[in-house]
Amino acid sequence: MADIHVIYARGSKPIVKNEAEFFSSGEPVFWCFHSDDDQIDSVELKFDDPRATFFTGKGRDPWGNEDPLVFRARMKNGRADFYGHVPAYPNETRPVLAKYTVRGLDAKGDPVEWTVVDPVIFTSKP
């Protein structure tokens, strides 16, 4: 399983570990968020490409969202984690670049401006 860590250290830019890795279709990807800033109440991850359905079958999250491109999780004791699966891209003959946006949200659900980062995942063909 692939691990991607997003670190929110108060007063610093977000740090993304294992950001641009090659993952195979069907492989699980585990995202783990760490923060020392109490302003960050939850985190949200959203893919840009409508084919990047990493969260198919997740059901509704606590905020009622069923979108397979989006996952949101509450921070607990400075940590949140969740996983998805790399989708198949059946009509592609080359690796696919899956860009996504990660943001920290405050207790009202508003983005915490300094937390936004746009990592990528490369999906290799099986």
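Kindly provide the set of residues from the stretch 47-69 that are within 21 Å of Pro95 (Cβ to Cβ) and touching a residue at least 24 places away in the same chain (Cβ under 8 Å), ordered by number.
Phe47, Asp48, Asp49, Arg51, Ala52, Thr53, Phe54, Phe55, Thr56
Can you report the number of residues in the stretch 11-26 which are over 14 Å from the mean Cα position of the chain (by Cα), in contact (Cβ under 8 Å) with a residue 40 or more places away in the chain and surrounded by fewer than 16 Cβ atoms within 10 Å (Cβ to Cβ)?
Adding up the residues that qualify gives 4.
Between Tyr8, Tyr83, Tyr89, which is touching a residue at least 40 places away in the same chain (Cβ under 8 Å) and in contact with a Gly (Cβ under 8 Å, 6 or more places away or on another chain)?
Values: Tyr83 fails: in contact with a Gly (Cβ under 8 Å, 6 or more places away or on another chain); Tyr89 fails: in contact with a Gly (Cβ under 8 Å, 6 or more places away or on another chain).
Only one candidate passes the filter, namely Tyr8.
Do you know which of the residues in the stretch 96-126 that are surrounded by 14 or more Cβ atoms within 10 Å (Cβ to Cβ) and of a type in the set (Gly, Ala, Ser) is nearest to Phe23 (Cα to Cα)?
Ser124
Of the residues Val86, Val70, only one is within 14 Å of the chain's Cα centre (by Cα), under 18 Å from Val117 (Cβ atoms) and among the hydrophobic types (A, V, I, L, M, F, W, C); which?
From the options Val86, Val70, the qualifying one is Val70.
May I ask you to verify whether Phe54 is under 10 Å from the mean Cα position of the chain (by Cα), closer than 20 Å to His5 by Cα and part of a loop (DSSP other than H, G, I, E, B)? Even if it seems obvious, please write down each step before you answer.
Values: under 10 Å from the mean Cα position of the chain (by Cα): yes; closer than 20 Å to His5 by Cα: yes; part of a loop (DSSP other than H, G, I, E, B): yes.
Answer is yes for this residue.
Of all residues in the stretch 83-95, which are surrounded by 18 or more Cβ atoms within 10 Å (Cβ to Cβ) and either touching a Ser or Thr at 6+ places or on another chain (Cβ under 6 Å) or more than 15 Å from Ser24 (Cα to Cα) (or both)?
Once the filter is applied, which keeps residues that are surrounded by 18 or more Cβ atoms within 10 Å (Cβ to Cβ) and either touching a Ser or Thr at 6+ places or on another chain (Cβ under 6 Å) or more than 15 Å from Ser24 (Cα to Cα) (or both), the stretch 83-95 yields Val86, Pro87.
Say we look at the stretch 27-51 and pick out the residues that are buried (at least 18 other Cβ atoms within 10 Å of the Cβ) and under 14 Å from the mean Cα position of the chain (by Cα); which of these is farthest from Val102 (Cα to Cα)?
Only one residue tops the list, namely Val29.
May I ask you to list the residues in the stretch 70-95 that are part of a strand (DSSP E or B) and hydrophobic (A, V, I, L, M, F, W, C)?
Val70, Phe71, Ala73, Ala80, Phe82
Conditions: (1) closer than 22 Å to Met1 by Cβ; (2) part of a strand (DSSP E or B). Arg103 meets all but one. Number of the miss?
Of everything listed in (1) closer than 22 Å to Met1 by Cβ; (2) part of a strand (DSSP E or B), Arg103 misses just condition (1).
Where residues in the stretch 90-107 are among the charged types (D, E, K, R) and at pLDDT 95 or above, which of them is farthest from the chain's Cα centre (by Cα)?
Narrowing the stretch 90-107 to residues among the charged types (D, E, K, R): 92, 94, 99, 103, 106.
Going one step further and asking which of them are at pLDDT 95 or above, we end up with 103, 106.
Values: Arg103: 9, Asp106: 17 Å.
So, considering only residues that are among the charged types (D, E, K, R) and at pLDDT 95 or above, the one farthest from the chain's Cα centre (by Cα) is Asp106.
The values are calculated or read from the model by the stated rules, or taken from the named source; none is laboratory data. None of the values given here were measured: they were computed from a predicted structure. Using ideal geometry, Cβ is built from the backbone for each residue, glycine included, and neighbour counts are taken over all protein chains shown.
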